There are 2 protein chains.
Amino acid sequence: MMNGKLKESHTLLEWPEVITYMESAEVAFEHYRRYPASRRIDFLRQIAREIATIRLNLVEIAHQETHLPEGRLHGEIDRTINQINLFAEVLEEGSWVNAIIDTANPQRIPAPKPDIRQMQLPLGPVCVYGASNFPFAFSVAGGDTISALAAGCPVLYKVHEGHPQTSQLVSGCIERAASQTDMPQGVFASLMVAREIGLQVVTHPSIAAVAFTGSFSGGKALYDAAARRPVPIPVYAEMGSINPVFLLPDQLKHHAEATAIALAASNTLGAGQFCTNPGLMVMLQSPETEHFLSTYGSQLAEQTCHDMLTPGIYTAYSAGVERLKSINGIQVLGEGKTEGLPSDAAVPVAFRVRGADFLRNDALREEYFGPASIHVIAEDTAQLLEIAKVLDGQLTSSVWCTDVDIDSFGLLFQALEGKAGRLIINGAPTGVEVGHAMVHGGPFPATTDARSTSVGTQAIYRFTRPVSYQNYPDRLLPVELRDGNRLGIWRKLDGELTKQSL
Amino acid sequence: MMNGKLKESHTLLEWPEVITYMESAEVAFEHYRRYPASRRIDFLRQIAREIATIRLNLVEIAHQETHLPEGRLHGEIDRTINQINLFAEVLEEGSWVNAIIDTANPQRIPAPKPDIRQMQLPLGPVCVYGASNFPFAFSVAGGDTISALAAGCPVLYKVHEGHPQTSQLVSGCIERAASQTDMPQGVFASLMVAREIGLQVVTHPSIAAVAFTGSFSGGKALYDAAARRPVPIPVYAEMGSINPVFLLPDQLKHHAEATAIALAASNTLGAGQFCTNPGLMVMLQSPETEHFLSTYGSQLAEQTCHDMLTPGIYTAYSAGVERLKSINGIQVLGEGKTEGLPSDAAVPVAFRVRGADFLRNDALREEYFGPASIHVIAEDTAQLLEIAKVLDGQLTSSVWCTDVDIDSFGLLFQALEGKAGRLIINGAPTGVEVGHAMVHGGPFPATTDARSTSVGTQAIYRFTRPVSYQNYPDRLLPVELRDGNRLGIWRKLDGELTKQSL
């Protein structure tokens, strides 16, 4: 069950030790949740500084553990630091608590109207399961950990076996930051545990929410384990996606080559190891489509990929490609170079299949994590729409199109709206912007909870719940809800957004 | 399994018919979700008008079916109509969609920043299970149905067997409103089904969310059934609560009588059949506490209650009271009149028990739906805090206190913050205000999802998910996200709330 990297070089925690950490997180929560925002901001910013301080060491170790190129790892550290600082800004601005105030009306007939004030409060200790493919941005100090800490929740981080040393280094950053900013003991712990114990964690009463990024089998196992708890908790499992891309005829008529080049680059980026990797492309049969396909195939022939993240991922990818090759009606459209590659390097491969064959075969709608793509040639628009409609939930769906296409394919845009968390026009799905408007989520099986995003500032709400205070004296209210609005935040006051005090 | 009212006078739908309704709702969703807000507003307001039109008939039938007093039923119809119109106002104002716009920056280094815009979209057909105790406000056209319709979701309403005729009348109101405002067929259906089929509905792929108000066993059964679906969906089960009330010493020193009178009235209101009924009161031993208790007991002696909602509820209440009476260490503090009562009338009863006995006995922390209350006398402040900490999740928790008490009981307020959806000072928990700031929800077992409220305008978010549009041409965006902001709604534009256009 365990990757050699973890088993050989690190002592795994046993269940009783893990319980101690979880109980410690629960105790920490009672303190941490009541800290003023300023203290959480200091903590977050110190984490960012600690990471920046050991950046070179982090890149070196992460490169050894994941085979990801150093340039990419530097970029990912930038992203991670920016993400931390963005959450600090959100706390500093303060309006994220969604303060809502309905003032009293003692004269109301038939019954007096009470003063009621609402805001978001943190849920409790969160268990975060990091991803293999982002050793920084979706791991120890990644989006889930940082949004949970920002919300006021302690974090227990389950170390991914693909990069244990990197995880240990980043954990050290968080621990030093916690100590330097006087955070309560237990506010953060990283757990190196066997997979079965990692699964057991979600069943413990101290855990108030779960966030996971990884495979369908891993995420669904956590979801199912949590569903059997006596006390249900939110489980946010982001489990990947085939990220369908629709290529419309006028687009291919005018931009077949550029489109093929952009999508081949997106599909093979980072050895295809992105949950937003475009794994399915759908188009209508036409000479322009053939032009796109031949360009795409020849693009692949130029490509080599680096080693995949873990031997397990490489094995699964290779087996998946072999399985695809054995499917009736599927043809190889193009493949990357195979000579002189390192041992676990992914070979990019693209397949073509007719729309009718695609619709017949569920295996073609599964994710093959790596630089593989399936190109579906629909007979006509009706079949293309049918393909859109049978798709499962996705993180992203994209359409490459011109204005002419937009006028002709209204039903396609409508159908895709129900399928994905992020809808893209003329852009690669890889590259998940960290901002306010991002949704990195989507309907099952992309995630277990489509109401949430794991990237961007809205992710803070995965770890909160609303609470109302009725008829509270001002001094007993949280500062965000007091009459004076000392923090100057936006509040909904009797239905109107305002920064005014009462 | 079925109450006589339903079995005798109505034909129950069989599963194949129910499937037809669900599939019809799914088809309706594809149209309804894309209607402009103005059309949903017309629909909602017409529902309110239809209800007002047959108000007298509704009150008459509901009184026969539920035994609730006519005055109360008129009040509940007012509340239901106000609630519908409030959601119409929310749609009219328009900012509820939570529009977030991050503008592009093509010059950004190292990668251009795309234009990304986010808003909330409806989930799909919602199955609503109404409550026995609110034949209007938490039933056919109650909060869950109306917030789902407002969000853009069709509704399948499972008729409660306690008031089938009332349900049929209100369903008629919604159906007429749908027809008059040209809503798609399938936007609403009420289902008279046996309980087992009601449970099966949540497993059907057409259903995108479930909302329930009722007992723990009923709500948990729905939750468990939904958790076994291949595709998980949100389940909002509001399952009641014992609504603890803490009575602090300085309050009882100065206001023992008034407090007892207010709480006895709250506990016996509507025969105690509110999910916010104060079923547990906790206080420190003292002469003032004895004064409170004797007043409370003598208040009860003056009380009679009307018939309970259903024979089943009456039987469960009576059995619960008998079980409580048999518990070691519990004493009857007072009881209501028993002579000359109608057959299914609840007899109010209050018990007293020492803190240590309360802590020993889990049965004292269960809900006894009806006008029963358990008064716990804590030995000291430490024990009172211990009692607060062992409580399960609640819809509400209340503290009756003076300024002096507030200074001395800081830890109590902290402990209760983690326990309930609504925290009340010096007020009865009964009476759930329909507004913007209300949270009618709370940690399990009060509900299955503490992130949500079933009352108030924030309830609309139970039935939505965020979606991002990346690099979309203006005309392809939903109107709420277009540059011009024609609707004049609040949007978060590059991190700042504004009504400005781009």
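Which value, to two decimals, describes the C-alpha radius of gyration of chain B once divided by 2.2 N^0.38 Å?
Taking the Cα Rg and dividing by 2.2 N^0.38 Å, one obtains 1.05.
Excluding ligands, DNA and RNA, what is the accessible area buried between chains A and B, summed over both sides, using a 1.4 Å probe, to the nearest 100 Å²?
Approximately 6000 Å², summed over both chains.
Work out the charge dipole of chain A with +1 on the Cβ of Lys and Arg and -1 on the Cβ of Asp and Glu about the Cα centre, then indicate which of A:Leu324, A:Ala372, A:Ala178 is farthest towards its positive end.
Among A:Leu324, A:Ala372, A:Ala178, the one farthest towards the positive end of the dipole of chain A is A:Ala178.
List the distances, in nm and shortest first, from the label point of A:Arg229 to the matching label points in every other copy, placing each point 7 Å from Cα along the Cα-to-Cβ direction.
Those separations, rounded to one decimal, come out as 2.0 nm.
Under a Cβ-only charge scheme (Lys and Arg +1, Asp and Glu -1), can you give me the dipole magnitude of the protein assembly as shown about the Cα centre, in debye to the nearest 20?
Working: 80 positive and 108 negative charges, 68 e Å.
Approximately 320 debye in magnitude.
What per residue convex hull volume, in Å³, do the alpha-carbon atoms of the stretch B:125-257 yield?
154
Using +1 at the C-beta of Lys and Arg and -1 at the C-beta of Asp and Glu, which of B:Val235, A:Leu248, B:Val159 has the Cα lying farthest in the positive direction of the dipole of the protein assembly as shown?
About the Cα centre, the residue reaching furthest to the positive side is A:Leu248.
Between A:Ile261 and B:Asp78, how high is the FRET efficiency from 1/(1 + (r/R0)^6) when r is the Cβ-Cβ distance and R₀ = 51 Å? Nearest 0.05.
Efficiency, from the Cβ-Cβ distance: 0.20.
Put a label point 7 Å from Cα along the Cβ direction on B:Ala111, then list its distances to the equivalent points in the other copies in nm, shortest first.
So the distances to the same position in the other copies read 5.4 nm.
Please list, in chain and number order, the residues 5+ apart from A:His375 or on another chain whose amide H is under 5 Å from its amide H, with Hs placed from the backbone.
HN-HN under 5 Å from A:His375: A:Met281, A:Phe351, A:Arg352, A:Val353.
Please list, by residue number, everything in the stretch A:483-502 whose backbone N is under 14 Å from a paramagnetic label point 7 Å out along Cα→Cβ of A:Asn105.
Residues A:494-496 fall inside that zone.
Please report the net charge: other residues with Cβ closer than 10 Å to the Cβ of A:Ser206, K and R +1, D and E -1.
Surrounding charge for A:Ser206 is -2.
Once fully extended, how much extra length lies between A:Leu411 and A:His254, figured as 0.36 nm per residue of separation less the alpha-carbon to alpha-carbon distance? Mind showing how you got there, number by number?
Details: separation 157, 0.36 × 157 = 56.52 nm, distance 2.22 nm.
Full-extension gain reported as 54.3 nm.
Say each of A:Arg55 and A:Arg486 gets a label point 7 Å from the Cα, pointing the same way as Cα to Cβ; how far apart are those two points in nm?
With each label placed 7 Å out from Cα toward Cβ, I get 3.7 nm.
With charges only on Cβ, +1 for K and R and -1 for D and E, what is the dipole size of the stretch B:244-425 about its Cα centre, in debye, rounded to 20? Can you show the working numbers first?
On the way: 11 positive and 22 negative charges, 63 e Å.
Charge dipole of the stretch B:244-425: 300 debye, to the nearest 20.
Which value in nm describes the separation of the simple spin-label points at B:Ser38 and A:Arg39, placed 7 Å from the Cα toward the beta carbon?
Calculated label separation equals 5.3 nm.
For A:Arg475, place a label point 7 Å from Cα along the Cα-to-Cβ direction in every copy; what are the distances to the other copies, in nm, shortest first?
6.3
How many angstrom separate the Cα center of the stretch B:12-33 from the Cα center of the stretch A:29-107?
Distance between centres, Cα-based: 45 Å.
Would you compute, for the Cα atoms of the stretch B:244-425, the largest minus smallest coordinate along each principal axis and list the three values in descending order, in whole Å?
For the stretch B:244-425, the Cα extents along the three principal axes come out at 48, 31, 29 Å.
Could you check the spin-label model distance between B:Glu89 and B:Lys499? Points 7 Å from the Cα along Cα→Cβ, value in nm.
Here the modelled spin labels are 1.6 nm apart.
Using the Cα centre of the stretch B:2-98 as the reference point, and only Cβ charges (+1 on K/R, -1 on D/E), how large is the resulting charge dipole? Debye, rounded to the nearest 20.
The dipole of the stretch B:2-98 has a size of about 200 debye.
Separation of the stretch B:318-358 and the stretch A:453-502 by C-alpha centroid, Å?
What the calculation gives is 41 Å, centre to centre.
Beyond 21 Å, what share of the Cα-Cα pairs of the stretch B:1-117 is found? Please give it as a whole percent.
Everything past 21 Å amounts to 67 percent.
Given the convex hull over the Cα atoms of the protein assembly as shown, what projected area results after averaging over all orientations, in nm²?
Dividing the Cα hull surface by four gives the mean projection, 39.0 nm².
Near A:Glu23, within a Cβ-to-Cβ distance under 14 Å, what is the net charge of the other residues, with Lys and Arg +1 and Asp and Glu -1?
Details: positive: none; negative: A:Glu17, A:Glu26, A:Glu30.
Value of the local net charge: -3.
Taking all protein chains as present, what is the carbon and sulfur share of the accessible area of the stretch A:390-460, in % to the nearest whole number, probe 1.4 Å?
So the carbon and sulfur contribution to the accessible surface is 51 percent.
Counting only heavy atoms of the protein chains, get the accessible area per residue of the stretch A:80-153 (1.4 Å probe) and round it to a whole Å² value.
26
The values are calculated or read from the model by the stated rules, or taken from the named source; none is laboratory data. None of the values given here were measured: they were computed from a predicted structure. Every residue, glycine among them, receives a Cβ derived from its backbone with ideal geometry; neighbour counts consider all protein chains shown. Accessible surface areas use protein heavy atoms only, side chains included; no ligands, DNA or RNA. Shrake-Rupley method; radii C 1.70, N 1.55, O 1.52, S 1.80 Å.
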